[in-house]
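Some notes on the structure that comes next.
The values are calculated or read from the model by the stated rules, or taken from the named source; none is laboratory data. All values reported here derive from a predicted model rather than from experimental measurement. Please note: Cβ atoms are built from the backbone with ideal geometry, for glycine as well, and neighbour counts cover all protein chains shown. Ligands, DNA and RNA are excluded from the accessible area calculation, which covers all protein heavy atoms including side chains. Shrake-Rupley method; radii C 1.70, N 1.55, O 1.52, S 1.80 Å.
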Amino acid sequence: MTNILTELVTKNALEYSSREAYRDNTSGTWVSSTWEEVCHKRDLAAFGMEILGLRELENITVFSANRSEILITDFAAFANRAVPISIYSTSTVDQVAYIVNDSSATIIFVGTQEQYDKAREAQKTCRSLRQIITYSNDIVRDGEDSTTLTFDDLLHLGEKASANCREEVAARTTRATEDDIATIIYTSGTTGEPKGAVLPHSCFNAALLKHDERLTTLSDNDTSVCFLPLSHIFEKAWTYFCLHRRMIVGINNDPHKVQQAVKEFHPTCMCSVPRFWEKVYTAVQERLADLKGIKRWMTSRALKVGRKRNLEYVRLGKKAPWLLEKQYQFFDKHVFGALRHVIGIENPNIFPTAGAPLSANIVEFLHSCGINIMIGYGLSETTATVTCFPEVGYEIGSVGTTLPGVEVKIGEHDEILVKGPTVMRCYYNKPEATAEAFTPDGWFRTGDAGRFDETGALILTERIKDLFKTSNGKYIAPQALESRLGEDKFIDQVAVIGDQRKYVTAIIIPAFEALKEYARKKHIQYRNIEELIRNADIRKMLQERIDRIQANFANFEQIKKFTLLPKEFTMEAGELTNTLKIRRPVINNRYASEIEAMYA
């Protein structure tokens, strides 16, 4: 079988040359490219790489926030049978150097001045790294740098390619096999050094074809916004899938402006992490709380009708009764349509969501509004999707059913085990870690615990590594409580604490703007954020909300004390992984004094 990713650009350019492939907002406005233009740039970049000495099966790295040039780089590398490896754009110099050295990468593509400066610093300890290429033409090179090229320089090199160069790249493309490595995904990891999951082209071939089978509502009429980092397997695999299905992809450069990008681009589908939908839910709830009179009644009635129609009938593949359907059509036009317009998703198809738990309350609410959230589960090591909601018969509270061709079983300690054509080959340069990751009979150990319900849907119960035990011997799954607390409009981030402690506590980052608005309405005086979060009335209000949220949790699982912090957890500070998961060891160490005070 040929490699889908190796042939994708050429095939689409031949069949749909003038059709739009993607739009990029790196310049501040959306700039469109056709498949013919993408193919031309891909060819020039591929020729340029060969001229620079790139060899078959060699590794290169990409260190940049999302932009269209990353896709050109990837597909040009595939044409050369080379391996593009993404590095998160927020990575430190040490993290960049680690990945470059571990992979023996020869070229690094960088986005901003900051990334160029880090690459130059890393280059001092990276013997294999012989070339830096900058996507931006505005990079100021340091005085000793005489070798760095811009991406435009690379394309100009390609324009001058000899016949031998062009023939060599064509021959490399022809020699490409399914066993070639497509990419190495370095896991961000909540503990320890990153491990590079080796994903051959066979993994992507299988993933793309299996998603064709499962996601039958999608077509080339759909559009998607690419806003998660392309260094994340979820976004990388999803964007490849969108291009494979010839959807138009909107490539958003600034993750802080994703809501603006969604409103400008109006996607019909988009992969995202739960935090995006938690923020949408919170914003919508605030709007609903301000409604009065007939509007409030109408919205309440609409949600009841939407829930009944979408969850009790459509979800199960049943035809809704005539009157219910007519009511839904009315509310969809006058209530839900307006709500979706505010978000920017007027014509929603499906919205795959994974990476962390999303509260069942939020999932039900969004489905009631006609926003088809498709919960899924996957890992870097499984080329993303292992399970996801089927179109009909999905179970809320689950992560869906197994993707066609992928096998899942529950092993010791309820660990989810996976086998199939999308599972990685190994961890790069780490035979011991690879051996630990697989059972003797070849099942990949996910590190997540779960169970199947009576319908065959997979239910995640906890992240085994996150599970902790109180000094009273009670096991706590922190993510379940963190997910529920994340629904609250006054809570932005939560880290639940309690390992080997007498009771459970939490470090909470409030939603500062919501807190300030509450203080204004209640005439609470404060000079700064620090003073605001120490205010007794603020703490009392939050305590009451937390108590209501955790009322259905067992007494030993409930938060007994909490500490409010004046600034959010960030990737840059090392408190979050690049997929926005909490690094619990870092939190425990950095806020040790605050934690100890809660147990004093």
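Specify which residue in the list C226, L44, S33 is farthest towards the positive end of the charge dipole of the chain, using unit charges on the beta carbon of Lys, Arg (+1) and Asp, Glu (-1), about the Cα centre. Toward the positive end, the furthest listed residue is C226. Computed with the Debye formula from one identical point scatterer per Cα of the stretch 403-443, without solvent, the log10 of I(q)/I(0) at q = 0.16 Å⁻¹ comes to -0.44. Packing, as the average of other Cβ atoms within 10 Å across residues, places the peptides 552-561, 349-358 in the order 349-358, 552-561, highest first. Across all Cα atoms of the stretch 239-319, the radius of gyration (one decimal) and Dmax (whole number) stand at 16.9, 49 Å. Axis of helix 4-15 versus longest Cα principal axis of the chain: the two differ by about 80°, to the nearest ten degrees. The overall shape of the stretch 203-262 is oblate: from the C-alpha gyration tensor, with semi-axes ordered a ≥ b ≥ c, the ratio a/c is 1.5 or greater and a/b is no larger than b/c. Consider all pairwise Cα distances in the stretch 347-396 and report the whole-number % of them above 12 Å. That fraction is 64 percent. Note on the stretch 1-103: antiparallel DSSP beta bridges, both residues inside, total approximately 45 percent of the bridges counted. Rounded to the nearest 20, the size of the Cβ-charge dipole of the stretch 89-247 about its Cα centre is 300 debye, with Lys and Arg at +1 and Asp and Glu at -1. Divided by 2.2 N^0.38 Å, where N counts the residues, the Cα radius of gyration of the stretch 83-149 comes to 0.99. With distances taken between every two different alpha-carbon atoms, the stretch 418-470 has a Kirkwood hydrodynamic radius of 13.1 Å. Looking at the square roots a ≥ b ≥ c of the eigenvalues of the Cα gyration tensor of the stretch 144-190, which shape do they give, rounded for a/c under 1.5, prolate if a/b is larger than b/c, or oblate? Oblate shape, in that a/c is at least 1.5 and b/c is the bigger or equal ratio. Our estimate of slack between D138 and D290, defined as 0.36 nm per intervening residue step minus the Cα-Cα distance, is 50.1 nm.
Computed over protein heavy atoms with a 1.4 Å probe, the accessible surface of the chain works out to 44 Å² per residue.
Mean sequence separation of contacting Cα pairs (under 8 Å, at least six apart), scaled by the length of the chain, corresponds to a relative contact order of 11 percent. Each DSSP beta bridge with both residues in the stretch 91-225 is either parallel or antiparallel, and the antiparallel ones are about 45%. Of H341, H266, H211, the residue with the largest accessible area leads and the full order is H341, H266, H211 (1.4 Å probe).
Surface composition of the stretch 9-157: carbon plus sulfur atoms contribute 48% of the solvent-accessible area (1.4 Å probe, protein chains only, all chains present).
By DSSP, the beta bridges lying fully in the chain are antiparallel in about 55 percent of cases.
As a fraction of the 1.4 Å probe accessible area of the stretch 337-433, surface on carbon and sulfur atoms comes out at 50 percent. Only helices enter the 222 nm calculation for the chain: every DSSP H run of n ≥ 4 contributes -39,500 (n - 2.57), and dividing by all residues gives -12000 deg cm²/dmol, rounded to 500. Which loop trypsin sites (Lys or Arg not before Pro) in the stretch 16-52, with loop taken from DSSP, have no more than 15 other Cβ atoms within 10 angstrom of their Cβ? Sites meeting the loop and neighbour criteria: R19. Normalising by residue count, the stretch 38-134 has a Cα convex hull of 76 Å³ per residue.
The Kirkwood hydrodynamic radius of the chain, based on inverse pair distances between different Cα atoms, is 25.7 Å. Distance between the pseudo-spin-label points of T10 and N552 (7 Å out from Cα toward the beta carbon): 5.5 nm. For the stretch 458-569, with all protein chains in place and a probe radius of 1.4 Å, 47% of the accessible heavy-atom surface sits on carbon or sulfur. From largest to smallest, the equivalent ellipsoid semi-axes obtained for the stretch 73-189 from the alpha-carbon gyration tensor read 25, 20, 11 Å. Between helix 274-289 and the chain there is an angle of about 40 degrees, using the helix long axis and the longest principal axis of the Cα atoms. Quick one: grab the alpha carbon gyration tensor of the stretch 529-589, order the square roots of its eigenvalues as a ≥ b ≥ c, and give me rounded if a/c is under 1.5, else prolate or oblate depending on whether a/b is larger than b/c. Oblate, because a/c is 1.5 or more while a/b does not exceed b/c. Other residues within the sphere of radius under 12 Å centred on the Cβ of E168, judged by their own Cβ, net out at +2 (K and R +1, D and E -1). With R₀ fixed at 35 Å, the C-beta to C-beta distance from K516 to Q329 puts the FRET efficiency at about 0.30. Within the assembled protein chains, the solvent-accessible surface assigned to R315 is about 40 Å², based on a 1.4 Å probe.
Extension gain for the segment E159 to E594, taken as residue separation times 0.36 nm less the Cα-Cα distance, is 150.6 nm to one decimal.
Simple spin-label estimate for E56 and S104 gives 1.7 nm between the two label positions (7 Å along the Cα-to-Cβ direction from each Cα). The charge dipole of the chain, taken about its Cα centre with unit charges on the Cβ of Lys, Arg, Asp and Glu (plus for the first two, minus for the last two), comes to roughly 2420 debye.
Annotation for the stretch 417-488: trypsin sites (Lys or Arg not before Pro) lying in DSSP loop with at most 14 further Cβ atoms inside 10 Å of their Cβ are K465.
With every protein chain in place and a 1.4 angstrom probe, the accessible-area ranking of L580, L149, largest first, reads L580, L149. Only protein heavy atoms count here; under a 1.4 Å probe, M571 has an accessible surface of about 60 Å².
Taking the Cα atoms only, what angle lies between the long axis of helix 293-312 and the longest principal axis of the chain, rounded to 10 degrees? Approximately 60 degrees, to the nearest ten.
Local charge sum around A283 (other residues, Cβ-Cβ under 14 Å, Lys/Arg +1, Asp/Glu -1)? Value of the local net charge: -2. Using the alpha-carbon positions of the stretch 294-413, Rg (one decimal) and Dmax (whole number) come out as 16.3, 55 Å. Loop-located GluC sites (Glu not before Pro) across the stretch 36-134 with a Cβ neighbour count of 15 or fewer within 10 Å are E56, with loop assigned by DSSP. Seen from every direction in turn and averaged, the convex hull around the alpha carbons of the stretch 117-259 projects onto 12.9 nm².
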